[in-house]
Amino acid sequence: MTDERYDVVVIGAGQAGLAIGHFLAMQSKRFVVVEAADSIGSAWRSRWESLVLFTPRRYDALPGLAFPGDPDGYPTRDEVIAYLERYAEHFQLPIALSSPVRSLRKESDAFVLETDVKRILASQVVVATGPFQVPNVPALAAGLAADVFQTHSTGYRRPADIPEGRVLVVGGGNTGFQIAKELVASREVHLAVGTRQKPLPQRLLGRDVFWWLTRLGLLSKTVESRLGRRLRGRDTLIGSSPRQVKRVGVQVRPRAVRADGRTIGFADGGELEVDAVVWASGYRPDHSWIELPVTAEDGTLRQRRGVTEVPGLYFLGLSWQHTRGSALLGFVADDAAYIARQLGGGSEPVPDTNDSRAPQATGAAEGI
């Protein structure tokens, strides 16, 4: 097994990894971005085909390269993938695909990353694997009969993937609402919503909602602010609401709490016989491969704006790492610039990340 040595290794070639790679290239560091998948932006490739972002293109650019197209239009999933590929090519970022990191530890003065074919040594490491790591499927799924079709939202691509019959989508976030609206055009669809989210219209008084949120400074609130502490852990529905999906034929149910054979039971005592279930139930983190003291007793990461207690080890792209936009396309640049300054010891300049996303605006917006 061969060894390679770098100043910095970035783990993950999604939007966070590419953004920090851009800044590292400007610092003339010897670095590499390692990616477990065989392509850039693998998290986006696992989304359904008809996905359209609800942030306009002006909010979707990474540092140094505008997102092409109408700045007030909304890009598709495939446009995002093409943009990330172009970004890596444009800045000639050194990316090693099909290189899953099996373990990360520290030996003497270097971090050691074990892959399937080599060991990589680094003075500093940025974990940019993002918040979408392990699909979260509730334990009650095990109670469903074998002939009930089940898939997590990561396995859903198009309506044709779902068998005919009655479908239950489980999850009250944006993903659940959007998949339910797509499926109801061709079959009976029920949507189980466990927690009521705050719905916001896509447009308000002729302006996109993110124009208002950024202009008012509401999205610049940090996780340590009073508002940030209240909002953390909550989701916001953009352009969707229970009332809206009901109008197109989706039947909204309360939280799914039990499953037996082909029957799902709900928190209000109601039941529903189903042919298929789509679990739009989010993700859970998995940092078990990191053999360093980075997690608290409850499993949460011990970090402050991506800086850990292990000197030289950083995280990037976490949900609410600093603001609402920390994990989101187009707004990860602010945290990436901050981490780049830490990697440079605060001595190497990093350009201002403010650009044409929102003139005179600060903060972050949800990118999907």
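Check the stretch 137-150 and report whether any residue there is among the small types (Gly, Ala, Ser) and under 25 Å from Gly41 (Cα atoms). It would help to see each step written out before you state the result.
The initial filter retains those residues of the stretch 137-150 that are among the small types (Gly, Ala, Ser), namely 139, 141-143, 145-146.
From the residues that got through so far, the ones that are under 25 Å from Gly41 (Cα atoms) too are none.
No.
Residues Thr195, Thr154: which one is farther than 21 Å from Thr323 by Cα, modelled with pLDDT under 90 and of a type in the set (S, T, N, Q)?
Thr195
Right, Ser28: part of a loop (DSSP other than H, G, I, E, B), among the hydroxyl-bearing types (Ser, Thr, Tyr), surrounded by fewer than 16 Cβ atoms within 10 Å (Cβ to Cβ) and under 20 Å from the mean Cα position of the chain (by Cα) or not? Before you say what the answer is, go through the steps one by one.
Values: part of a loop (DSSP other than H, G, I, E, B): yes; among the hydroxyl-bearing types (Ser, Thr, Tyr): yes; surrounded by fewer than 16 Cβ atoms within 10 Å (Cβ to Cβ): yes; under 20 Å from the mean Cα position of the chain (by Cα): no.
In short, no.
Against the conditions (1) over 26 Å from the mean Cα position of the chain (by Cα); (2) at pLDDT below 85; (3) within 16 Å of Val169 (Cβ to Cβ), where does Leu237 fall short? Just the number, please.
Condition (1) is where Leu237 drops out.
Does Arg102 satisfy the condition of being of a type in the set (Lys, Arg) and within 20 Å of the chain's Cα centre (by Cα)? Step through it out loud before you land on a result.
Values: of a type in the set (Lys, Arg): yes; within 20 Å of the chain's Cα centre (by Cα): no.
Against the criterion (of a type in the set (Lys, Arg) and within 20 Å of the chain's Cα centre (by Cα)), Arg102 does not qualify.
Per-residue answers, yes or no, for (1) within 19 Å of Gly249 (Cβ to Cβ); (2) aromatic (Phe, Trp, Tyr); (3) not assigned by TED's automatic domain parsing to the domain that holds Ser240:
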{"residue": "Ala122", "(1), (2), (3)": "no, no, yes"}
{"residue": "Thr129", "(1), (2), (3)": "no, no, yes"}
{"residue": "Gly155", "(1), (2), (3)": "no, no, no"}
{"residue": "Asp161", "(1), (2), (3)": "no, no, no"}
{"residue": "Gly165", "(1), (2), (3)": "yes, no, no"}
{"residue": "Leu168", "(1), (2), (3)": "yes, no, no"}
{"residue": "Gln178", "(1), (2), (3)": "yes, no, no"}
{"residue": "Ala185", "(1), (2), (3)": "yes, no, no"}
{"residue": "Leu191", "(1), (2), (3)": "yes, no, no"}
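Return the residues of the stretch 45-100 that are in contact with a Gly (Cβ under 7 Å, 6 or more places away or on another chain) and of a type in the set (Ser, Thr, Tyr); say none if nothing qualifies.
Listed by number, the residues that qualify are Thr55, Tyr59.
If the requirement is being part of a strand (DSSP E or B), out of contact with any Ser or Thr (no Cβ under 7 Å at 6 or more places or on another chain), within 26 Å of Arg258 (Cβ to Cβ) and not acidic (Asp, Glu), which of these qualifies: Leu168, Leu121? Reasoning before the result, please.
On the way: Leu121 fails: within 26 Å of Arg258 (Cβ to Cβ).
Matching residue, one of Leu168, Leu121: Leu168.
What number goes with the only condition from (1) out of contact with any Asp or Glu (no Cβ under 8 Å at 6 or more places or on another chain); (2) surrounded by 14 or more Cβ atoms within 10 Å (Cβ to Cβ); (3) in the same structural domain as Val80 (by TED's automatic domain parsing) that Leu272 does not pass?
In the conditions (1) out of contact with any Asp or Glu (no Cβ under 8 Å at 6 or more places or on another chain); (2) surrounded by 14 or more Cβ atoms within 10 Å (Cβ to Cβ); (3) in the same structural domain as Val80 (by TED's automatic domain parsing), Leu272 misses (3) alone.
Applying the selection to the stretch 288-321, what residues are under 29 Å from Ala66 (Cα atoms) and buried (at least 21 other Cβ atoms within 10 Å of the Cβ)? Spell out the reasoning first.
Pass one, the stretch 288-321, residues under 29 Å from Ala66 (Cα atoms): 305-307, 314-321.
Matches in the stretch 288-321: Gly306, Tyr314, Phe315, Leu316, Gly317, Leu318, Gln321.
Select from the stretch 58-71 the residues that are more than 17 Å from the chain's Cα centre (by Cα) and either surrounded by fewer than 21 Cβ atoms within 10 Å (Cβ to Cβ) or in a helix (DSSP H, G or I) (or both) and list them in ascending order.
Let us first name the residues in the stretch 58-71 that are more than 17 Å from the chain's Cα centre (by Cα), namely 58, 63-71.
Arg58, Gly64, Leu65, Ala66, Pro68, Gly69, Asp70, Pro71, listed by residue number.
Among the residues that make up the stretch 155-172, is at least one of them surrounded by 16 or more Cβ atoms within 10 Å (Cβ to Cβ), among the acidic types (Asp, Glu) and more than 22 Å from Arg243 (Cβ to Cβ)?
No: the stretch 155-172 contains no residue that is surrounded by 16 or more Cβ atoms within 10 Å (Cβ to Cβ), among the acidic types (Asp, Glu) and more than 22 Å from Arg243 (Cβ to Cβ).
Test Val277 against the criterion of being modelled with pLDDT of 95 or more and more than 17 Å from Ala139 (Cα to Cα), and give yes or no.
In short, no.
Please verify whether the stretch 73-88 includes one or more residues that are touching a strand residue (DSSP E or B) at 6+ places or on another chain (Cβ under 7 Å), within 30 Å of Val307 (Cα to Cα), at pLDDT 95 or above and of a type outside the set (Ser, Thr, Tyr).
Yes.
Among the residues in the stretch 314-321, are any within 20 Å of Phe23 (Cα to Cα), of a type in the set (S, T, N, Q) and assigned to a loop (DSSP other than H, G, I, E, B)?
Pass one, the stretch 314-321, residues within 20 Å of Phe23 (Cα to Cα): 314-318, 321.
Imposing the further condition that a residue be of a type in the set (S, T, N, Q) reduces the set to 321.
Going one step further and asking which of them are assigned to a loop (DSSP other than H, G, I, E, B), we end up with 321.
Checking the stretch 314-321: at least one residue is within 20 Å of Phe23 (Cα to Cα), of a type in the set (S, T, N, Q) and assigned to a loop (DSSP other than H, G, I, E, B).
The values are calculated or read from the model by the stated rules, or taken from the named source; none is laboratory data. Note that the structure is a prediction, hence the values are computed from the model and not measured. Glycine also receives a Cβ, built like all others from the backbone with ideal geometry; neighbour counts cover every protein chain displayed.
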